[in-house]
Amino acid sequence: MESKIVTWSLAIAALFSMTGTALGAGLTPQQELGKAIFFDANLSLNGNQACAACHGPDAGWTGPDSTINAAGAAYEGSVAGRFGGRKPPSSAYAASSPILHVVIEGDADEALFIGGNFWDGRATGERLGNPAAEQAQGPFLNPLEQALPNKTSVVTRVCAASYPVTFETVYPGACDPAKVDEAYDKIAFAIAAFEASPESNAFTSKFDAYLADKAVLSKEERLGLNLFNGKGKCAACHTLGQAKGRKDGPPLFTDFTFDNLGVPRNPANPFYAQVAFNPAGDAWVDMGLGGFLEQRADYAAYAPDNYGKHKVPTLRNVDKRSSAAFVKAYGHNGYFKTLQQIVHFYNTRDTKPVCANDPATAADESLFTPVEQAISQGCWPEPEVAINVNNSELGNLHLTEDQEDAIVEFLRTLSDGYMAP
């Protein structure tokens, strides 16, 4: 472990040496174009939603609305009344995810899926060679998100926009009406370039400064780091080493795999009421990676073993917020509302009784107890998907309350924008 820390320290020190506290590197023309597209609300049906509407920098490149996060955590699209079914994942540090692939491990021939983007991995990267680019194309045409009718509509708006760096400047000839498909791919590559840029992936947290000998962790933060690596088992998936297929650079705090943590349903999820897009209504279950795999002939056989699994997210910026009172949501469906809650869940999921459904707070018996009530009642609801739950790396960690708090304090050192006192 010490040798890895030395390696990371050298890499981080090189980054910090540019300005002493931050990268300070300018964006390339392609990245500048991608940034302009990322923040352009005109690239939606009603001209009211940009990528940044769900991936705000002040919130760690995830959901920027505290009120939404405190409830269903799924964001409304360009068309009023239409909501997705999941919490927005962070767009930062996601561009390093490899193309989705399967690795067969162990004597039991366990199939381990790695890579892709979106919570369910469906932006595989197979077509464009870049999962972040394929993910960037999804929201524009999703009727629950930016809701534009076709690729031509997206390309036409990008070509007509007065960006500081224009589309034609970066990609000469791309606005030729005969090249819509090619242009649409170039839009995606520009967004992915911005999402891979130093502005999105700053590596300027207190932990990065600590690795570069520019900061000292407090006693509690250092305890949290030790627990993160040890008793808490966090680093088993949110690795401080190199993710599979990644050879260098600072840790990304994800191994790009998928896991079913046993997260309960979020009873406030507005997707349950999306009758036109969710005919199952309250009976809808988010099958995650397995739900995607069953649509693929080459991967369908692996689907049952992956039902309920979702992408392991980076923990970078996990506590980044615009103010102390700002509410962030955690888990693929935003069930948890504080870091303390989700760390407590990791620690005690299997040690508490199952919550009794409360008809006063649930539409019917398929919707479970909100997190605040679960904690006050000393229980946890049933998992949304009860199979394939990870029972070896969380659920009964035997952490004390003080140890839970220490892990939370360490996680708070992962927010970019740290300024040494």
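The values are calculated or read from the model by the stated rules, or taken from the named source; none is laboratory data. Because the structure is a prediction, the values reported are computed rather than measured. Note: ideal-geometry Cβ built from the backbone for every residue, glycine included; neighbour counts use all protein chains shown.
A few points about this structure:
- Filtered residues of region 266-286 (kept if of a type outside the set (S, T, N, Q), in a loop (DSSP other than H, G, I, E, B), within 20 Å of the chain's Cα centre (by Cα) and under 19 Å from P88 (Cβ atoms)): A268, D286
- Residues located in region 305-320, provided they are buried (at least 18 other Cβ atoms within 10 Å of the Cβ) and either basic (K, R) or closer than 15 Å to N260 by Cα (or both): N306, Y307, G308, K309, H310, K311, V312, P313, R316, K320
- Exactly one residue out of Y335, Y330, Y302 is modelled with pLDDT of 95 or more, crowded, with 22+ Cβ neighbours inside 10 Å, in contact with a strand residue (DSSP E or B) (Cβ under 7 Å, 6 or more places away or on another chain) and hydroxyl-bearing (S, T, Y): that is Y330.
- The number of residues in region 307-322 being touching an Asp or Glu at 6+ places or on another chain (Cβ under 9 Å) and of a type outside the set (F, W, Y) comes to 10.
- Residue that is surrounded by the fewest Cβ atoms within 10 Å (Cβ to Cβ) [pool: residues in region 377-421 that are of a type in the set (S, T, N, Q) and more than 23 Å from A215 (Cα to Cα)]: S392
- If the condition is being of a type in the set (A, V, I, L, M) and more than 30 Å from G173 (Cβ to Cβ), then region 186-236 contributes A202, A209, L211, A212, A215, V216, L217, L223, L225, L227, A235, A236.
- Taking the criterion of being more than 21 Å from the chain's Cα centre (by Cα) and of a type in the set (V, I, T), the residues of region 169-211 that qualify are T169, V170, V180, I187.
For (1) closer than 21 Å to L252 by Cα; (2) surrounded by 22 or more Cβ atoms within 10 Å (Cβ to Cβ); (3) of a type outside the set (S, T, N, Q), each residue gets a yes or a no:
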site	(1), (2), (3)
P29	no, no, yes
A50	no, no, yes
D58	yes, no, yes
G63	yes, yes, yes
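- I37 vs. criteria surrounded by 15 or more Cβ atoms within 10 Å (Cβ to Cβ), modelled with pLDDT of 95 or more and touching a helix residue (DSSP H, G or I) at 6+ places or on another chain (Cβ under 6 Å): yes
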